[in-house]
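This is the structure, below, for whatever I ask next.
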Amino acid sequence: MLQQRPPRTTGQVTRGVAGSFLVLIGGLGVSTLPPSSPLLQSGMLDAIRGAQAGRMSALFLVLAGLGLLASAWLALCRHVAQAVGEDRRDALDLVRFAAMVWSAPLVLAPPLFSRDGWSYAAQGMLARVGLSPYEHGPSSLLGRHTSTLFDQYQLQSGEPIVQAVDPMWADTPTPYGPLHVWLGEVGAGLTGNPWVLVVGHRVIALAGLVLLAWAVPRLAQWTGVNPALASALVLLSPLMMANGVGGLHNDLLMVGLMAAALVVGVERHWAWGTAIGALAAAVKVPGGLVCIGIALATVPAGAALAVRLKRLAAVAATAVAVLLGLGVVTGLGHGWIGALTVPGTITTPLSITSLAGGVLDWVALQLGLGLPQATFRDFVRGLGLVGIVGVAAGVALRWRTGDRAAAVGAVATVTAAFVVLCPVVHLWYFLVLPPFFATLQLGRTALSALIAVSVILGMVAPLDSSLHGAYYAIVLGCMTLGVLLPVILLTRGAREQIDRIASSRWPVLQ
């Protein structure tokens, strides 16, 4: 993401930086912090967070900041889409520069809009002190004693981390792969400071953003779309800034590795790309779906079924070998396989299969059928998983081969099927879609929809789990969004701006 010379900055970049600072300042008032955090000992921040007016003011700052980011993003996308002359040559540098400076204010922020970052830190600490995070939950850090002064210090520092972990996950093992946990273990070996640990996890997430900044322009060149505009749609969207950078979710590292795997697998060698795809799966298992695109792109066009199957088998064997090998090399084992069911213990409103099953359960209850609780939910969820496998198999066996652009479409299709049919879906799960959809030749309507969804999923991030139970804040947030979203997306000027972005047809940048 660094460049040899900074591009000419625009007002959009400055507006985005201001928005990030507002998100940072407001985030300190709405995010979950350990009660023992030094920031809360100063008194002023604690007083703001303890007063209803203070919390609501902080939420308003966050939403205003996200609104600034969204408006700056749309304006920058329009600038990139319509640039000519020197601006056209500098467009990709400008996008990468904006991604760097917009992310910078959020690097030192606590985990925003979700407590997952604290869970990551606690899981790394568990591995550091010899407790498998695939067998123990973060609460196991409390009250544990060791013989060395260093480990005692680590555990004492681990207690504040546990204070900020969502109680829902305090006693559950982690479903994340060995790469993610090992990186957390390395960080816990360097420091026991909770805030430094979560900042370290954000830096790890930002490595995914750097990988996307490298890979997305290459994917766009394959498909004949504008690399600068595709990069802007992926790197700078409210979805990315709120859920990827602010939320520091490991989905960002996963998708960065996926995009890099596809590029390396096609432009270098399928085995190297597959190994990187396995690293993506070693963060979160869905990252391995990119290996389907690698296999399809690296066999000749119109290859016979036997040739296709041979490459698919070789890719699968390589990916599994790397994935299982990581468990051995890191000493973490393969307990994550058994823990994959942990996320399914909850129901999320973004999961279509869970919602459909829940509606059927409610109907069954009204009809007095006497069925066990969640009968239809579990059944429909099962059908969704079968559907994901079916789509992946169909793409692997029937999709066009030997075509780079088609490989991007293949990955977009299987990842979309995963998000739509998955039993549990959070806002940050959608991070896997833009890198592959923004680099396709989308029609005006489809690209406009991608833009609108990216705005909405980013803007609603503060209303996620971090505000559960805070009814007045939720009402304020909904009212604020009810004003901001129509202004950003539905006014005449906003519609014209989105249409100009979606209808732009640039030749590929050289």
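The values are calculated or read from the model by the stated rules, or taken from the named source; none is laboratory data. Model, not experiment: these values are computed from the prediction. Neighbour counts are summed over all protein chains in view; Cβ atoms, including those assigned to glycine, are modelled from backbone coordinates with ideal geometry. Note: areas computed on protein heavy atoms with side chains; ligands, DNA, RNA excluded. Shrake-Rupley method; radii C 1.70, N 1.55, O 1.52, S 1.80 Å.
Give me the percent of accessible area attributable to carbon and sulfur for the stretch 354-475, probe 1.4 angstrom. Kindly include the intermediate steps, with their values, before the conclusion.
Details: 3970 of 5660 Å².
Solvent-exposed carbon and sulfur of the stretch 354-475 make up 70 percent of the total.
State whether the stretch 230-321 is rounded, prolate or oblate according to the following rule on the C-alpha gyration tensor (a ≥ b ≥ c being the square roots of its eigenvalues): a/c under 1.5 gives rounded; otherwise a/b larger than b/c gives prolate, and the remaining case gives oblate. Before the final figure, lay out each step's value.
On the way: a/c = 3.04, a/b = 1.96, b/c = 1.55.
Judged from the Cα gyration tensor, the stretch 230-321 comes out prolate (a/c at least 1.5, a/b above b/c).
Moving on. Can you give the extra length, in nm with one decimal, that the chain gains between A321 and Q441 once fully stretched, where that is 0.36 nm per residue apart less the Cα-Cα distance? Walk me through the numbers on the way to the answer.
Working: separation 120, 0.36 × 120 = 43.20 nm, distance 3.48 nm.
Length difference between fully extended and current span is 39.7 nm.
Would you be so kind as to identify which of T348, A412, V359 lies farthest towards the positive end of the dipole of the stretch 290-446, taking Lys and Arg as +1 and Asp and Glu as -1 on Cβ and the Cα centre as origin?
A412
Please tell me the relative contact order of the chain in percent, rounded to the nearest whole number, where contacts are Cα pairs under 8 Å and at least six residues apart. Don't skip to the end; give the middle numbers.
Details: 904 pairs, mean separation 97.2, N = 510.
Value for the chain: 19 percent.
A further question on this structure: For the stretch 274-317, what does the alpha-carbon gyration tensor say about shape, rounded, prolate or oblate, given a ≥ b ≥ c as the root eigenvalues, a/c under 1.5 as rounded, and a/b over b/c as prolate? Let's see the in-between values first.
Values: a/c = 3.15, a/b = 2.46, b/c = 1.28.
The shape class here is prolate.
Oh, and also: How much length would be gained if the chain were fully extended between V420 and A313, taking 0.36 nm per residue of separation minus their Cα-Cα distance, in nm to one decimal? Could you put the intermediate results ahead of the total?
Values: separation 107, 0.36 × 107 = 38.52 nm, distance 2.66 nm.
Stretched out fully, the V420 to A313 stretch lengthens by 35.9 nm.
Same structure again: Considering every pair of different Cα atoms, what Kirkwood radius, in Å, is found for the chain?
Details: mean 1/r = 0.0423 Å⁻¹.
Here the Kirkwood hydrodynamic radius works out to 23.6 Å.
Just the number please: accessible area per residue for the chain, 1.4 Å probe, all protein chains included, in Å². Before the final figure, lay out the partial values.
Values: 20800 Å² over 510 residues.
With the other protein chains kept in place, the chain gives 41 Å² per residue.
Follow-up question, since we're still on this one. Where Lys and Arg each count +1 and Asp and Glu each count -1, what net charge lies around G208 among other residues with Cβ under 12 Å from its Cβ? Write down the numbers at each step before the final one.
Working: positive: R202, K284; negative: D251.
Local charge sum for G208: +1.
Of the options P486, V165, L94, report the single residue whose Cα projects farthest towards the positive end of the charge dipole of the chain (beta-carbon charges: Lys, Arg +1; Asp, Glu -1).
L94
Accessible area, 1.4 Å probe, largest first: how do R444, R89, R218 sort?
On the way: R444 125, R89 175, R218 70 Å².
Reading off the accessible areas and sorting them downward yields R89, R444, R218.
I'd like the accessible area for D378, computed on protein heavy atoms only with a 1.4 Å probe and all protein chains in place. Round to 10 Å², please.
Roughly 80 Å² of D378 is accessible to a 1.4 Å probe.
Relative to the Cα centre, what is the charge dipole magnitude of the chain, using +1 at the beta carbon of each Lys and Arg, -1 at the beta carbon of each Asp and Glu, and rounding to the nearest 20 debye?
Details: 29 positive and 20 negative charges, 276 e Å.
So the dipole magnitude of the chain works out to roughly 1320 debye.
So, in nm, how far is label A393 from label R89 when the simple model puts each one 7 Å beyond its Cα toward the Cβ?
Here the answer is 5.4 nm between the modelled labels.
Report the label-to-label distance for A301 and M44 in nanometres (one decimal), using points 7 Å from each Cα along the Cα→Cβ vector.
The answer from the label model is 6.5 nm.
I'd like the accessible area for C291, computed on protein heavy atoms only with a 1.4 Å probe and all protein chains in place. Round to 10 Å², please.
Here the residue's solvent-accessible area equals roughly 10 Å².
Can you tell me how the stretch 388-502 classifies by the Cα gyration tensor, rounded, prolate or oblate, using a/c under 1.5 as the rounded cut?
oblate
Please name which of L229, I25, L427 has its Cα lying farthest along the dipole of the chain towards the positive end, using unit charges on Cβ (Lys, Arg +1; Asp, Glu -1) and the Cα centre as origin.
L229
Which FRET efficiency value, to the nearest 0.05, do you get for L383 and A51 by plugging their Cβ-Cβ distance into 1/(1 + (r/R0)^6) with R0 = 51 Å? Walk me through the intermediate numbers first.
On the way: r = 48 Å, r/R0 = 0.94.
Efficiency for this residue pair is about 0.60.
Can you work out ³J(HN,Hα) from phi for every residue in the stretch 258-269, in order, using Karplus 6.51 cos²θ - 1.76 cosθ + 1.60 and θ = phi - 60°, giving whole Hz and x for Gly and Pro?
Along the stretch 258-269, the couplings run 4, 5, 5, 4, 5, 5, 5, x, 8, 8, 10, 7 Hz.
Tell me the label-point distance for the pair W362, L340, using the 7 Å Cα-to-Cβ offset, in nm and rounded to one decimal.
3.1
Using the Karplus curve 6.51 cos²θ - 1.76 cosθ + 1.60 with θ = phi - 60°, what ³J(HN,Hα) values do you get for each residue of the stretch 291-298, in whole Hz, with x for Gly and Pro?
Rounded to whole hertz, the list is 4, 5, x, 4, 4, 5, 6, 9.
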